[in-house]
Amino acid sequence: MEELDLLKKAWQKDSHSYEQISEVEIYKMLHKKSSSIVKWILIISIIEVLFWTAISIGYNTDEYMKKLHAENMIVYFKVLNFVNYAVILLFIFNFYKNYIKISTTASTKQLMQDILKTRKTVKYYVWYNLGMIVLSLIAGFIIAFAYNPKMEMLKDKIAHESSYYTLCITLGIMLLTIVVFVGLFWLFYRLLYGILLRKLNANYKELKKIDL
Amino acid sequence: MSDNLEQLFVKQLKDNQNIIHKICRLYTNDEDAHKDLFQEITIQLWKAFPKFRGESKFSTWAYRVALNTAITLYRKSTRAVATTPYESQKHFLSQEEYNFEEEEQIKLMYQAVQQLNDIEKALVFLYLEDKDYTEISETLGISEVNARVKMNRIKGKLKKILNP
């Protein structure tokens, strides 16, 4: 076929010049997969913070406190809230740093270390969030006991009962609430970040296999 | 060790990158798609690199992995593109030997090749790369007879596209 051979001749001579890709660019391509996972971790963590912020805007703690006549607690909550946001922003900054590092690194060894570091950061982040949930639940219980008038009866009963029956039940219910909440959030985080972490781990293993 | 292997791979790939560029050129029709496919092929090559034992030349092995990647990626999206703005800007012939009639013929042929399906493109690609049927059959994992039959059919198909 004459035309095809004409094309072949032109093809072989290849007067077409391709934009040559440098070694650094090739390295970047090889590490692209990890960097896209880390990018998702960053995006999800930001969305998560925005989500919780949106919810907390809808729910006004100050008014609730005023209703309970617990105005002196408001300042503590403000501080707690502030510290919480500061810590979370710090985490997000770390996620961002990890992302930048992973997407620019040129060596596999460094990439493996960065992956391990990112995994650790995510783990700390989840633990921190779970810890915060426990802390705020406990604070909530304390405030309810100290200020909520509906609790008077219960307090009376605990104080006048010779056995610790009511106290035990109350503590038991609190503990159960904490466990259920923490369990739910733990599941939520496992789903959200667990999948990404597993993918990252698979990447790590793949890199390790090559690292004989 | 790992960094050594990686360095070796990156160097080989850099030296042989025109193979991948050519495949990308055949399978994609704009610059972004070209880059995407190039990257995907690079990743697949890197994944398969530990299995590459140097029994064949790097380029031969790269042909196989790269074509397989292109074929699997473009299997689902059978885009038949008659005219491509990206290609029309580029010339096949160099300035010294420029011949309007020949250039037009080559362009038409090239556009016809673009309308082939993924596997046919792979065969034409290897044919254009001046591979013999033994190599074509090895690279694509089909028998030599099958490769010949397929190539003849493709030539028929191209003729039909050129002279409808």
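Give me the number: length gained by fully extending residue A:123 to residue A:78, i.e. 0.36 nm times residue separation minus the C-alpha to C-alpha distance, one decimal in nm. Walk me through the numbers before you get to the answer.
On the way: separation 45, 0.36 × 45 = 16.20 nm, distance 2.63 nm.
Gain on extension, residue A:123 to residue A:78, equals 13.6 nm.
Hull surface divided by four, with the convex hull built on the Cα atoms of the protein assembly as shown: how many nm²? Write out the running numbers ahead of the final one.
On the way: hull surface 112.1 nm².
The Cα convex hull of the protein assembly as shown, projected and averaged over all directions, gives 28.0 nm².
Got a number for carbon plus sulfur as a percent of the protein assembly as shown's accessible area, 1.4 Å probe?
Numbers: 13320 of 21950 Å².
Carbon with sulfur: 61 percent of the solvent-accessible area.
Counting protein heavy atoms only and a 1.4 angstrom probe, how many square angstrom of accessible surface do chains B and A bury in total, to the nearest 100? Provide the component values of the computation, followed by the final result.
Numbers: alone 10480 and 15600 Å², together 21950 Å².
Protein heavy atoms only, the B-A interface buries about 4100 Å².
Hey, which of these cross-link pairs are over 18 Å Cα-Cα: A:199/B:11; A:32/A:97; B:14/B:35? Present the calculation step by step, with values, prior to reporting the outcome.
On the way: A:199/B:11 28 Å; A:32/A:97 16 Å; B:14/B:35 15 Å.
Correct reply: A:199/B:11.
Quote the FRET efficiency, to the nearest 0.05, computed for residue A:86 versus residue A:157 with a Förster distance R0 of 51 Å and r equal to the Cβ-Cβ distance. The partial results should precede the final answer.
Values: r = 41 Å, r/R0 = 0.81.
Given R0 = 51 Å and the Cβ-Cβ separation, E is 0.80.
Note the full-extension length gain between residue A:169 and residue A:56 as 0.36 nm times their separation in residues minus their Cα-Cα distance, in nm to one decimal. It would help to have the intermediate numbers written out before the result.
Details: separation 113, 0.36 × 113 = 40.68 nm, distance 3.06 nm.
Extra length available between residue A:169 and residue A:56 comes to 37.6 nm.
Under a Cβ-Cβ cut-off of 11 Å, what is the net charge of the residues other than residue B:137 that fall near it, where Lys and Arg count +1 and Asp and Glu count -1? Write out the running numbers ahead of the final one.
Working: positive: B:131, B:148, B:150; negative: B:132, B:135, B:138, B:144.
Here the charged neighbours net out to -1.
At a Förster radius of 45 Å, what calculated FRET efficiency corresponds to the Cβ-Cβ distance of residue A:64 and residue A:202, to the nearest 0.05? It would help to have the intermediate numbers written out before the result.
Values: r = 45 Å, r/R0 = 1.01.
E(calc), rounded to 0.05, equals 0.50.
Within 10 Å of each Cβ of B:6-17, how many other protein chain Cβ atoms are there on average?
Details: counts 11, 4, 0, 4, 9, 2, 1, 5, 6, 0, 0, 6.
Mean shielding count: 4.
Using DSSP to call loops (not H, G, I, E or B), can you name the chymotrypsin sites (Phe, Trp or Tyr not before Pro) in the stretch A:39-108 whose Cβ has at most 11 other Cβ atoms within 10 angstrom? Show your work: numbers first, answer last.
On the way: sites: A:40, A:51, A:52, A:59, A:64, A:76, A:77, A:82, A:85, A:91, A:93, A:95, A:96, A:99; in loops: A:59.
Those satisfying the criteria are A:59.
Given the C-alpha centroids of the stretch A:43-75 and the stretch A:162-193, what is the distance between them in whole angstrom?
What the calculation gives is 21 Å, centre to centre.
Given R₀ = 22 Å, FRET efficiency for residue A:1-residue B:149 by Cβ-Cβ distance, to 0.05?
Details: r = 15 Å, r/R0 = 0.70.
The calculated FRET efficiency here is 0.90.
The stretch A:106-123: which residues show an accessible-area loss of 10 Å² or more, assembly versus chain alone, 1.4 Å probe?
When all protein chains are present, A:107, A:108, A:109 each give up 10 Å² or more of accessible surface.
Grab the other residues whose beta carbon is less than 11 angstrom from that of residue B:16, score K and R as +1, D and E as -1, and report the net.
Details: positive: B:11, B:14, B:22, B:57; negative: B:15.
Local charge sum for residue B:16: +3.
If you take each beta carbon of peptide A:22-30 and count the beta carbons of other chains within 10 angstrom, what is the mean?
For this peptide, the per-residue mean of nearby foreign Cβ atoms is 6.
Would you kindly state how much longer the chain becomes between residue B:4 and residue B:102 on full extension, computed as 0.36 nm times their sequence separation minus their alpha carbon distance, in nm to one decimal? Provide the component values of the computation, followed by the final result.
Details: separation 98, 0.36 × 98 = 35.28 nm, distance 4.70 nm.
Additional length available on full extension: 30.6 nm.
The values are calculated or read from the model by the stated rules, or taken from the named source; none is laboratory data. Here the structure is a predicted model, which means the values were calculated and not measured. Virtual Cβ from ideal backbone geometry, glycine too; neighbours counted across all protein chains shown. In case anyone asks, the SASA skips ligands and DNA or RNA and just uses the protein heavy atoms, side chains included. Shrake-Rupley method; radii C 1.70, N 1.55, O 1.52, S 1.80 Å.
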